[in-house]
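Worksheet: the structure to be examined is printed underneath.
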Amino acid sequence: MSPLTSSDAAKGGEFLIKTTNASSVFIPEEQSEEQRMIAQTCSDFLDHEVHPYLDRIDQQEEGLMQQILDKAGELGLLGISVPEEYGGFGKDFTTSMIATEALGAGHSFSVAYAAHTGIGTLPILFYGNDEQKKKYLPKLTTGEWKAAYCLTEPGSGSDANSGKTKAVLSADGQSYIINGQKMWITNGGFADVYVVFAKIDNDENLSAFIVERTFPGISLNPEEHKMGIKGSSTRQVFFTDCQVPVANLLSERGNGFKIAVNILNLGRIKLAGAALGGSKRTSTLSVRYANERQQFGRPISKYGAIRHKLAEQAIRIYACESATYRCSQNIEDAINALKASGMDAAKAKLKGVEQFAVEAAILKVHGSEVLDYVTDEGVQIYGGMGYSAEAPMERAYRDSRINRIFEGTNEINRMLTVDMMLKRAMKGELDLIGPATAVAGELMQIPDFGAVSHELFAAEKSAVANFKKAVLLVAGAAVQKLMMQLAKEQEVLMSIADMMIELYVIESLQLRVEKLVSFKGEAACAAQLDILRVYLYDAADRMHKSGKDAINGFAEGDEQRMLLMGIKRFTKTSSFNAKEARRRIAEQLIAENKYCF
């Protein structure tokens, strides 16, 4: 899809208050031939270089992960988004997401790959000066040097800026002397380059440094023993009078927290992409096992309970994919608009991602929870074999769990979703007050029982519009009632966040299916229409429950009764036979013996 101009590009957070046209969103079915080839290359790489060696990877066979990363570097997979001048392919954001998804089915390798190409390389790409980029990026792109990211400390996880690691300028002014401890460092055991966060003297905010493994004063604890992603190197890193040249200060003094936040925004949406890749592989394995496993004289895929699980896996995956690529293209459009205005390419990428930080947090939560659901049901479909280490579901189940903790816990991301949206409203970047006031006023009016449109997507669009009203109703009332105390009401915030997540995903799904139908026609998209209608049917109930929970958490008396009537009104949907729709979805999966949407 050709990028949008700066005048019509979507703005982050606007999904809550504006109507989006289906023609303006990117859908995965629009991938270019080159993008499909890159995805296939990534999938082939996993098939040949990763999946046959998963047991050896989990045993952390000496040097094996580095060798696999080296091979990925030889194919150019470590530099897909790195500019050509530094040895990369210089591809756009959406293409990098496509590669991230395809490689997301690689278990521990996917974690090592993401840490190296994402949080390890991108701070240097986006914040490094010319000399730093020339020195480090070519070696990181080929895999000659491996990267890690040292932010978390024993006493600072979600509150990253409270880190205790210190940097002091040496007497001769040539080096920073770093002292401190970092933990949960992915790739820590073999990284050649660490991006390290520390506070210079008694600064309020962190600074960032590029630290080479060969610098004096670096030591490591043994490998951590983890529930999952056992093949991912995770170690504590200690800095004891570590001498770092002043030239290795990354960006400006005190800019480290900003670097960390912006890189985390990128990491969140990339995590959603990787979770998609893992989910699709798990779905395919589930379908194949259900077709092979015989019980009572026929494959278990013949039974309704199993078909429900197979279909629901696919429904959630397809919905998550719709939202992920909608946001990816929105980010790419924002980047292009910023570059067209004269902004430096690296700064434009950061600003483009920052603009969609709300959506990135939403996708991180949704993607990780879809993967958890899909793997959990995969274990159930496999039955006893699902619990056995001899079958693939045991590893998939364990490896999926970390994603709800990575890149900020899902609880933190839920609260950030609401917090960032409200802050944009207070800055005047989003007009939430006007629409929220209008929705509150609508409650006092008689509902419109006008003629029902039977046009395709009319019911779905009406439901999405009402879901927006539901979010505005609850969020507006919570802000008005609780005001500055809202930040302390985390349960209310998380319920509102769940409503926002459902809204963004269902709208993205509706837009995708509408656009697909415009390309292929209604008959060719019967399964996708079923996916949309089942997801919408269930999302309405989830929206109602979250809204009700939030309202009951802060309102009482007449106000409570009025708000509860409103949330019921705005989450009401027509009756729908979801059982038969799921059966039709499952039949297509079973016939093609794989995830096929």
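Is segment 254-266 home to any residue that is more than 28 Å from ASN410 (Cα to Cα) and touching a Pro at 6+ places or on another chain (Cβ under 7 Å)? Even if it seems obvious, please write down each step before you answer.
Step one: filter segment 254-266 for residues more than 28 Å from ASN410 (Cα to Cα), giving none.
No; the residues of segment 254-266 include none that is more than 28 Å from ASN410 (Cα to Cα) and touching a Pro at 6+ places or on another chain (Cβ under 7 Å).
For segment 404-413, check the following and say yes or no: at least one residue is aliphatic (A, V, I, L, M), farther than 19 Å from MET543 by Cβ and either touching a His at 6+ places or on another chain (Cβ under 8 Å) or in a helix (DSSP H, G or I) (or both).
Step one: of segment 404-413, the residues aliphatic (A, V, I, L, M) are 405, 412.
Now drop any that are not farther than 19 Å from MET543 by Cβ, which leaves 405, 412.
Those still in the list that are either touching a His at 6+ places or on another chain (Cβ under 8 Å) or in a helix (DSSP H, G or I) (or both) too: 412.
The answer is yes; a qualifying residue exists.
Return the pairs, sorted by first residue and then second, in which the second residue is modelled with pLDDT of 95 or more and of a type in the set (Val, Ile, Thr), the first residue lies in segment 130-144 and is not assigned by TED's automatic domain parsing to the domain that holds VAL193, the beta carbons are less than 7 Å apart, and the residues are 6+ apart or on different chains.
If the second residue must be modelled with pLDDT of 95 or more and of a type in the set (Val, Ile, Thr), no pairs are left.
Would you point out the residue of segment 63-101, among those that are part of a helix (DSSP H, G or I) and in contact with an Asp or Glu (Cβ under 6 Å, 6 or more places away or on another chain), that is surrounded by the fewest Cβ atoms within 10 Å (Cβ to Cβ)?
Taking segment 63-101 and keeping what is part of a helix (DSSP H, G or I), we get 64-74, 84-86, 93-101.
Subset that is in contact with an Asp or Glu (Cβ under 6 Å, 6 or more places away or on another chain): 68, 71, 93-94.
Details: ILE68: 23, LYS71: 15, PHE93: 24, THR94: 23.
Selected residue: LYS71.
Restricting the search to segment 308-342, which residues are touching a Lys or Arg at 6+ places or on another chain (Cβ under 7 Å), within 30 Å of GLU587 (Cβ to Cβ) and buried (at least 24 other Cβ atoms within 10 Å of the Cβ)?
ALA311, ILE317, SER322
ALA305 - would you say it is surrounded by fewer than 24 Cβ atoms within 10 Å (Cβ to Cβ), of a type in the set (A, V, I, L, M, F, W, C) and free of Cβ contacts under 8 Å to residues at least 40 places away in the same chain? Outline the logic, then answer.
Values: surrounded by fewer than 24 Cβ atoms within 10 Å (Cβ to Cβ): yes; of a type in the set (A, V, I, L, M, F, W, C): yes; free of Cβ contacts under 8 Å to residues at least 40 places away in the same chain: yes.
Yes.
Collect the residues in segment 305-349 that are in a helix (DSSP H, G or I) and of a type in the set (D, E, K, R), keeping them in residue-number order. If you could, list the steps in order and put the result at the bottom.
Here is the first cut: in segment 305-349, the residues in a helix (DSSP H, G or I) are 305-340, 345-349.
Correct list: ARG307, LYS309, GLU312, ARG316, GLU321, ARG326, GLU332, ASP333, LYS339, LYS347, LYS349.
Can you name the helices (runs of 4 or more DSSP H) wholly within segment 497-597 that have at least 1 residues being among the aromatic types (Phe, Trp, Tyr)?
Details: elements: 526-554, 557-570, 578-592.
The qualifying helices (runs of 4 or more DSSP H) are 526-554, 557-570.
Being under 29 Å from ALA99 (Cβ atoms), touching a residue at least 12 places away in the same chain (Cβ under 8 Å) and β-branched (Val, Ile, Thr) narrows it down to one of ILE229, ILE218, so name that one. Break it down into steps so the answer makes sense when it comes.
Numbers: ILE218 fails: under 29 Å from ALA99 (Cβ atoms).
Sole residue among the options that is under 29 Å from ALA99 (Cβ atoms), touching a residue at least 12 places away in the same chain (Cβ under 8 Å) and β-branched (Val, Ile, Thr): ILE229.
Any residue that is part of a strand (DSSP E or B), under 19 Å from GLY120 (Cβ atoms) and of a type in the set (Ser, Thr, Tyr) - is there at least one of those in segment 218-228? Steps first, please.
Of segment 218-228, the ones part of a strand (DSSP E or B) are 218-220.
From what is left, the residues that are under 19 Å from GLY120 (Cβ atoms) are 218, 220.
Next, from what is left, pick out any that are of a type in the set (Ser, Thr, Tyr): none.
Taking every residue of segment 218-228 in turn, none turns out to be part of a strand (DSSP E or B), under 19 Å from GLY120 (Cβ atoms) and of a type in the set (Ser, Thr, Tyr).
Report the residue count in segment 195-211 for those that are touching a Ser or Thr at 6+ places or on another chain (Cβ under 9 Å) and not in a strand (DSSP E or B).
Adding up the residues that qualify gives 1.
Where the second residue is hydroxyl-bearing (Ser, Thr, Tyr) and the first is under 18 Å from GLY256 (Cβ atoms) and lies in segment 157-175, which pairs have Cβ atoms under 7 Å and are six or more apart or on separate chains?
Cβ pairs passing all conditions: SER158/THR409; SER162/SER156; GLY163/SER156; ALA167/TYR176; ALA167/SER207; VAL168/TYR176; LEU169/TYR176.
For segment 232-249, indicate whether the set of residues that are assigned to a loop (DSSP other than H, G, I, E, B), in contact (Cβ under 8 Å) with a residue 40 or more places away in the chain and crowded, with 20+ Cβ neighbours inside 10 Å is non-empty.
Narrowing segment 232-249 to residues assigned to a loop (DSSP other than H, G, I, E, B): 232-233.
Next, only the ones that are in contact (Cβ under 8 Å) with a residue 40 or more places away in the chain stay: 232-233.
Keeping just the survivors that are crowded, with 20+ Cβ neighbours inside 10 Å gives 232-233.
Yes, because at least one residue in segment 232-249 is assigned to a loop (DSSP other than H, G, I, E, B), in contact (Cβ under 8 Å) with a residue 40 or more places away in the chain and crowded, with 20+ Cβ neighbours inside 10 Å.
When you scan segment 81-95, how many residues do you find that are touching a residue at least 24 places away in the same chain (Cβ under 8 Å) and either more than 14 Å from SER32 (Cβ to Cβ) or under 17 Å from the mean Cα position of the chain (by Cα) (or both)?
So the answer is 9.
Here are some conditions: (1) closer than 27 Å to VAL370 by Cβ; (2) over 26 Å from the mean Cα position of the chain (by Cα). ALA463 meets all but one. Which one does it not meet?
(2)
Can you tell me which residues in segment 476-524 are surrounded by fewer than 21 Cβ atoms within 10 Å (Cβ to Cβ), hydrophobic (A, V, I, L, M, F, W, C) and over 25 Å from SER322 (Cβ atoms)?
VAL479, LEU482, MET483, MET484, LEU486, ALA487
In segment 376-391, what residues are of a type outside the set (A, V, I, L, M, F, W, C) and surrounded by fewer than 20 Cβ atoms within 10 Å (Cβ to Cβ)?
ASP376, GLN380, GLY383, GLY384, TYR387, SER388, GLU390 - these are the residues of segment 376-391 that are of a type outside the set (A, V, I, L, M, F, W, C) and surrounded by fewer than 20 Cβ atoms within 10 Å (Cβ to Cβ).
Scan segment 499-521 and report the pairs whose first residue is over 16 Å from PHE597 (Cβ atoms) and whose second residue is part of a helix (DSSP H, G or I) and among the basic types (Lys, Arg), with Cβ atoms within less than 6 Å and a gap of 6+ or a chain change.
So the pair list comes out as GLU502/ARG542.
Conditions first: (1) buried (at least 18 other Cβ atoms within 10 Å of the Cβ); (2) touching a residue at least 60 places away in the same chain (Cβ under 8 Å); (3) part of a helix (DSSP H, G or I). LEU430 passes all but one, so which condition is the exception?
It fails just one condition, (3).
So which residues in segment 290-306 are in contact with a helix residue (DSSP H, G or I) (Cβ under 9 Å, 6 or more places away or on another chain) and aliphatic (A, V, I, L, M), if there are any at all?
ALA290, ILE300, ILE306
The values are calculated or read from the model by the stated rules, or taken from the named source; none is laboratory data. Quick caveat: nothing in here was measured; it's all calculated off a predicted structure. Because the Cβ atoms are built from the backbone with ideal geometry, glycine has one as well, and the counts that use them run over all protein chains shown.
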